[in-house]
Amino acid sequence: MSFISTSDLVKFDQNFATDVEAGLSLDPKKLSSKYFYDKKGDELFQAIMRMPEYYLTDCEYSILNRQKADILEAIGPSGFELIELGAGDGYKTKVLLEHFLSREVPFVYRPVDISQNVLEVLRNDLKNRWPDLAVRPLKGDYFAMLERLQSEQGQRKVVLFLGANIGNYTRQEALRFLENLHKQLDPGDQLLIGFDLKKDPSVILNAYNDPAGITAAFNLNLLTRINRELGGHFDLEEFSHWETYQPITGEAKSYLISRKEQEVEIEAIGKTFHFGAWEAIDVELSLKYSPFEIEALARAAGFQVVEHFYDDRSYFLDSLWEVK
């Protein structure tokens with residue numbers, strides 16, 4: 001059965017198609033987790049963040065809520081642009097926004113996301129909640145948007161990179177990402193960045209392999225998106241979600257496993273891909289850090305650590321860094 005008509009082939013996202021073709025041609029196969037976030041993916045991720053097993057959201061929320069005054073004191077009272085990379089629904093950030101507004105801090109909120117749907121929902125919600133809040137969303141790649149802001153030569157920047165998103169990069173990729181981020185910032189600019197900390201491996205595994213199957217549905221939705229947007233022929237019943245955690249390296253990894261030997265055509269790419277029985281597609285990395293590793297990463301990327309903010313269980317850490 002075809003999922004995409006010939007007339008629609010000219011409309012598909014070429015970057016998506018190129019990345020899917022490249023990833024499924026690798027050995028082992030790999031798909032980028034950045035493509036999880038279509039409209040359905042956004043909805044499923046919001047559901048994941050509400051799961052009791054997914055401790056990351058509650059831990060970071062508690063940090064921001066209980067230590068918001070300390071965070072603002074560390075940032076300083078002068079005006080700034082608050083730039084959030086990967087804004088999502090702003091659930092945790094709203095704690096800071098409300099506090100900053102209550103303290104009459106002069107700032108502009110600049111949420112950055114690749115999902116237009118996410119930005120529209122967030123902007124409407126914020127304007128309804130706080131009509132006087134200056135919200136100027138930016139849709140696109142993080143660095144392209146930061147370069148644009150740097151060229152505008154406005155107020156100093158306070159960048160938010162919350163939710164342990166840095167954990168989706170390998171250690172080498174994280175260093176390159178942060179070095180590039182450092183280049184887009186000026187002396188006095190700051191970065192508040194979230195890290196999931198190493199802990200009991202069973203706690204970590206439960207967060208990514210919930211009994212309700214929401215995480216599995218989230219990962220499998222990537223195949224649904226390929227079917228819908230690229231004319232893929234993935235049978236979701238023949239793939240399953242699998243999660244692992246390596247406590248030495250701190251790597252939590254998600255895979256989609258082919259349950260049988262099969263061929264899958266993707267019409268927009270014009271290729272058929274072979275899957276062996278129980279062959280895995282690597283779809284996500286969630287790297288966990290120790291405080292020592294975090295401080296070493298900051299120094300290596302050219303930042304100075306200003307202050308660490310922990311939750312009560314030391315499961316999570318939001319770290320404030322500054323460009324010197």
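The values are calculated or read from the model by the stated rules, or taken from the named source; none is laboratory data. Given the structure is predicted, the values throughout are model-derived calculations rather than measurements. Don't worry about glycine lacking a Cβ; one is built from the backbone with ideal geometry, like all the others, and counts go over all protein chains shown.
Pairs are defined by a Cβ separation below 6 Å, a sequence spacing of at least 6 or placement on different chains, a first member in region 184-202 that is under 20 Å from LEU96 (Cα atoms), and a second member that is in a strand (DSSP E or B) and of a type in the set (S, T, N, Q); the pairs so defined are ILE193/SER319.
Let's see how each residue does on (1) under 24 Å from TYR142 (Cα atoms); (2) loosely packed, with under 14 Cβ neighbours inside 10 Å:
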| position | (1), (2) |
| --- | --- |
| PHE234 | no, no |
| SER240 | no, no |
| TYR245 | no, no |
| LYS260 | no, yes |
| ILE266 | no, no |
| SER286 | yes, no |
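Among the residues in region 67-79, are any in contact (Cβ under 8 Å) with a residue 24 or more places away in the chain and surrounded by 20 or more Cβ atoms within 10 Å (Cβ to Cβ)? So far as region 67-79 goes, yes, one or more of its residues are in contact (Cβ under 8 Å) with a residue 24 or more places away in the chain and surrounded by 20 or more Cβ atoms within 10 Å (Cβ to Cβ). Picking from GLN155, GLN190, which residue would you name as being of a type in the set (S, T, N, Q), buried (at least 20 other Cβ atoms within 10 Å of the Cβ), touching a Phe, Trp or Tyr at 6+ places or on another chain (Cβ under 7 Å) and in the same structural domain as PHE309 (by TED's automatic domain parsing)? Just one listed residue meets the conditions, GLN190. Filtered by the rule that a residue be modelled with pLDDT under 90 and under 30 Å from ALA252 (Cα atoms), region 146-169 gives a lone residue, LEU146. Just one of the listed residues (VAL105, VAL112, VAL135, VAL95) is surrounded by 21 or more Cβ atoms within 10 Å (Cβ to Cβ), free of Cβ contacts under 8 Å to residues at least 40 places away in the same chain and under 28 Å from HIS182 (Cβ atoms), namely VAL112. Among the numbered conditions (1) surrounded by fewer than 19 Cβ atoms within 10 Å (Cβ to Cβ); (2) in a helix (DSSP H, G or I); (3) free of Cβ contacts under 8 Å to residues at least 40 places away in the same chain, the only one that ALA47 does not meet is (3).
Note on region 217-256: residues that are more than 23 Å from LYS271 (Cα to Cα) and over 17 Å from the mean Cα position of the chain (by Cα) amount to 11. When we screen ALA164, ALA212, ALA216 for residues that are of a type outside the set (D, E, K, R), under 22 Å from ASP89 (Cβ atoms) and out of contact with any strand residue (DSSP E or B) (no Cβ under 8 Å at 6 or more places or on another chain), the only hit is ALA212.
Residue check: is SER102 touching an Asp or Glu at 6+ places or on another chain (Cβ under 8 Å), of a type in the set (Gly, Ala, Ser) and over 20 Å from ASP189 (Cα atoms)?
Against the criterion (touching an Asp or Glu at 6+ places or on another chain (Cβ under 8 Å), of a type in the set (Gly, Ala, Ser) and over 20 Å from ASP189 (Cα atoms)), SER102 does not qualify.
So how many residues does region 77-102 have that are farther than 30 Å from PHE36 by Cα and in a strand (DSSP E or B)? Of the residues in that region, 1 qualify.
Of the listed requirements (1) crowded, with 22+ Cβ neighbours inside 10 Å; (2) in contact with a helix residue (DSSP H, G or I) (Cβ under 6 Å, 6 or more places away or on another chain); (3) within 30 Å of ASP312 (Cα to Cα), LEU222 misses just one: (3). Of the residues in region 63-76, not one is outside any helix (DSSP H, G or I) and either β-branched (Val, Ile, Thr) or touching a helix residue (DSSP H, G or I) at 6+ places or on another chain (Cβ under 9 Å) (or both). The residue list SER33, SER25 contains one member that is small (Gly, Ala, Ser), in contact with a strand residue (DSSP E or B) (Cβ under 6 Å, 6 or more places away or on another chain), surrounded by fewer than 20 Cβ atoms within 10 Å (Cβ to Cβ) and under 30 Å from ILE266 (Cα atoms), which is SER33. Of everything in region 117-132 that's part of a helix (DSSP H, G or I) and loosely packed, with under 12 Cβ neighbours inside 10 Å, which residue is nearest to the chain's Cα centre (by Cα)? So, considering only residues that are part of a helix (DSSP H, G or I) and loosely packed, with under 12 Cβ neighbours inside 10 Å, the one nearest to the chain's Cα centre (by Cα) is ASN124.
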